[in-house]
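Engineer: One structure, pasted below without further comment.
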Amino acid sequence: MKILITTDLFRSTINGVVTSVLNLEEELQRQGHEVRILTVSDTGKAYQEGNVWYLRSIPSGIYPGVRIPVPGDGAYRRELTEWMPDVVHSQCEFCTFSYGKQIAEDTGAVLIHTCHTLYEQYTKYIPMGKYLGTAAVAACMRWRLRPVDRIIAPTKKVERTFLSYGVQKKTAIIPTGIKLEAFTKPVSEEVLEGLREECGIRPGVRVVLSLGRLGFEKKVDELLYGWKEAGIPREEAMLLIVGGGPAEGSLRTLSQELGLSDRVCFYGMAKPEMVPAFYQLADVFVCASTSETQGLTYVEALASGLPLVCRRDPCLAGVLEHGKNGYSFRERAEFGSYVKEILFHKEKRQKMSACSRELAKVFGTESFGRAVNDLYKKEVRLHEGTFVFEESEAAFPKWDWTGYANAKRLP
């Protein structure tokens with residue numbers, strides 16, 4: 001099949017959406033599909049590179065690193081329409097969604113959409129956003145997703161959220177997969193020691209790791225307050241925070257105000273190839289976010305054999321089994337108690353580590369790609385005979401080109 005993936009975020013950004021797109025692209029190509037990607041340029045210019053078409057763009061001014069396309073790339077849309085994809089798979093609800101929707105309508109392709117984000121957690125970044133609530137987000141999503149044939153949700157949490165919005169489209173729950181081998185392959189002691197030295201963590205000191213984008217919705221400040229209450233001396237353990245984002249400055253300030261400067265290390269953004277080393281440097285992975293749709297960092301931590309201590313959240317179903325491969329906490333005091341229990345009980349930590357590795361096995365990219373491929377085939381079969389193709393010189397008058405087969409839905 002011919003698969004067109006549309007996404008507002010791609011290789012210049014490091015997050016769960018990009019990881020999902022890259023892994024899906026690789027798996028679909030491995031299965032023999034022809035894959036093209038339409039995304040937003042990070043240079044301000046339109047260009048094509050391999051199987052990726054980049055739309056020229058400008059900074060959004062809403063969230064750091066997010067850009068929006070500007071009019072004038074009709075030739076790209078025409079080229080991808082002439083290619084006649086069987087499936088258009090949208091990964092973002094906004095900028096490139098409109099392009100994907102139009103291409104699907106003009107070719108009769110199946111339109112699939114994966115919901116990666118719960119936007120009510122992000123309204124603070126939008127002007128007047130504090131006045132917007134779930135009702136506004138729900139209305140937007142109902143309107144936006146009307147033309148979609150099928151929705152993919154990475155977890156039951158996401159499915160329930162979109163049902164609560166009133167989105168009535170059928171939903172398939174397909175967890176995003178990761179390349180497990182990248183996290184199960186041992187990192188050399190030389191690399192780990194180099195990281196320890198770079199972070200100022202002395203040999204023998206245990207490491208509690210928070211890794212991910214530092215957005216305000218991630219609630220990393222709760223980890224700092226919890227680490228303060230835990231009261232673990234720097235000679236015994238350090239909290240290592242890896243990542244960057246809009247909340248980084250305020251978090252660094254809060255760490256100083258709490259007197260944690262000697263017990264917390266802010267590493268900043270890590271190169272993608274170094275991420276597995278940070279997991280293997282750590283003894284336990286922690287997270288206080290409730291904004292995750294799935295949380296690929298959780299799965300990466302599992303594959304790395306780390307016990308988890310995370311704020312209780314529905315997206316952790318099947319990822320964190322309380323008391324087996326870690327703990328879910330509700331209160332700040334629980335956080336410190338659980339972290340200390342894992343850090344200072346070697347046998348328990350080893351059992352939890354083994355359990356994490358076992359749970360990670362179901363989140364491989366092969367299973368992910370196979371499930372998405374099966375969904376594509378099912379939806380394409382449902383569409384067979386639903387479209388008629390008519391030659392028409394006026395098929396796309398707004399693009400000023402002729403002689404192309406325009407796909408129209410039969411009544």
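Engineer: May I ask which of K185/K348; K271/K348; K156/K340; K156/K228 have a Cα-Cα span longer than 28 Å here?
Structural biologist: K271/K348; K156/K340; K156/K228
Engineer: Oh, and also: Under 1.5 on a/c is rounded, so check that first for the stretch 70-118, then, if it is not, pick prolate when a/b is larger than b/c and oblate when it is not; a ≥ b ≥ c are the square roots of the alpha carbon gyration tensor eigenvalues. Please list the in-between numbers first.
Structural biologist: Numbers: a/c = 2.85, a/b = 1.28, b/c = 2.22.
Taking the square roots of the gyration eigenvalues as a ≥ b ≥ c, the stretch 70-118 is oblate.
Engineer: Per-residue HN-Hα couplings for the stretch 31-41, Karplus 6.51 cos²θ - 1.76 cosθ + 1.60 at θ = phi - 60°, whole Hz, x for Gly and Pro?
Structural biologist: Residue by residue, the stretch 31-41 yields 7, x, 7, 8, 10, 10, 10, 10, 9, 9, 5 Hz.
Engineer: Figure the gain on full extension for A135 and K45 (residue separation times 0.36 nm, minus the Cα-Cα span) and round it to one decimal in nm.
Structural biologist: Answer, rounded to one decimal: 28.8 nm.
Engineer: Determine how large the accessible area of Y54 is when every protein chain is in place; take a 1.4 Å probe and give Å² rounded to the nearest 10.
Structural biologist: Approximately 20 Å² of Y54 is accessible to the 1.4 Å probe.
Engineer: Go through the stretch 164-171 residue by residue and turn each phi into a ³J(HN,Hα) via Karplus (6.51, -1.76, 1.60, θ = phi - 60°); whole Hz please, and just put x for glycine and proline.
Structural biologist: Per-residue couplings from phi come out as 5, 6, x, 6, 9, 5, 5, 10 Hz.
Engineer: Starting from the 7 Å offset along Cα-to-Cβ, what nm value, one decimal, do you get for the label separation of E193 and K271?
Structural biologist: Inter-label distance under the simple model: 2.0 nm.
Engineer: Also, I was wondering about something else. In what sequence, highest mean first, do 364-372, 334-342 appear when ranked by Cβ atoms within 10 angstrom?
Structural biologist: Top to bottom by mean Cβ count within 10 Å: 334-342, 364-372.
Engineer: Rounded, prolate or oblate: which fits the stretch 153-230, taking a ≥ b ≥ c as square roots of the Cα gyration tensor eigenvalues, rounded meaning a/c under 1.5, else prolate when a/b beats b/c?
Structural biologist: Since a/c reaches 1.5 but b/c is at least a/b, the shape of the stretch 153-230 is classed as oblate.
Engineer: Right, next: Could you do me a favour and compute the accessible area per residue for the chain, 1.4 Å probe, result in Å²?
Structural biologist: I get 45 Å² per residue for the chain.
Engineer: While we're looking at this one, here's another question. How do the peptides 207-215, 28-36 rank, highest first, by the average count of neighbouring beta carbon atoms within 10 Å per residue?
Structural biologist: Put in order of decreasing packing, that is 207-215, 28-36.
Engineer: With a 10 Å radius around each residue's Cβ, average the other Cβ atoms per peptide and rank 226-232, 147-153, 348-354, highest first.
Structural biologist: Averaged packing, sorted descending, gives the order 147-153, 226-232, 348-354.
Engineer: Further question on the same structure: Pairs of alpha-carbon atoms within less than 8 angstrom and 6+ residues apart define the contacts here; what relative contact order does the chain have, in percent?
Structural biologist: In percent, rounded to a whole number, it is 15.
Engineer: Does the stretch 182-322 come out rounded, prolate or oblate by the C-alpha gyration tensor, with a ≥ b ≥ c the root eigenvalues, rounded set by a/c under 1.5 and, if not, prolate when a/b is larger than b/c and oblate if not?
Structural biologist: Values: a/c = 1.43, a/b = 1.01, b/c = 1.41.
Rounded is the answer for the stretch 182-322, as its axis ratio a/c remains below 1.5.
Engineer: Continuing with the same structure: For the chain, what does the helix formula give at 222 nm: sum of -39500 (n - 2.57) over DSSP H segments with n ≥ 4, over the residue count, nearest 500 deg cm²/dmol?
Structural biologist: Computed mean residue ellipticity for the chain: -11500 deg cm²/dmol.
Engineer: Karplus couplings for the stretch 315-329 from phi (6.51 cos²θ - 1.76 cosθ + 1.60, θ = phi - 60°), rounded to Hz, Gly and Pro as x?
Structural biologist: 5, 7, 4, x, 10, 10, 9, 3, x, 9, 10, x, 9, 9, 10
Engineer: Running a GNM on the chain with Cα contacts under 10 Å, which residue among C310, C95, C199 ends up with the highest mean-square fluctuation?
Structural biologist: Evaluated over the chain, the most mobile residue of the options is C199.
Engineer: What pairs in K101/K169; K2/K377; K169/K218 have C-alpha atoms more than 18 Å from each other?
Structural biologist: Checking Cα-Cα distances, K169/K218 exceed 18 Å.
The values are calculated or read from the model by the stated rules, or taken from the named source; none is laboratory data. Values in this document were obtained by computation on a predicted structure and should not be read as measured data. All Cβ positions, glycine included, derive from the backbone under ideal geometry; neighbour counts span all protein chains shown. We work out accessible area using only protein heavy atoms, side chains counted, and drop any ligands, DNA or RNA first. Shrake-Rupley method; radii C 1.70, N 1.55, O 1.52, S 1.80 Å.
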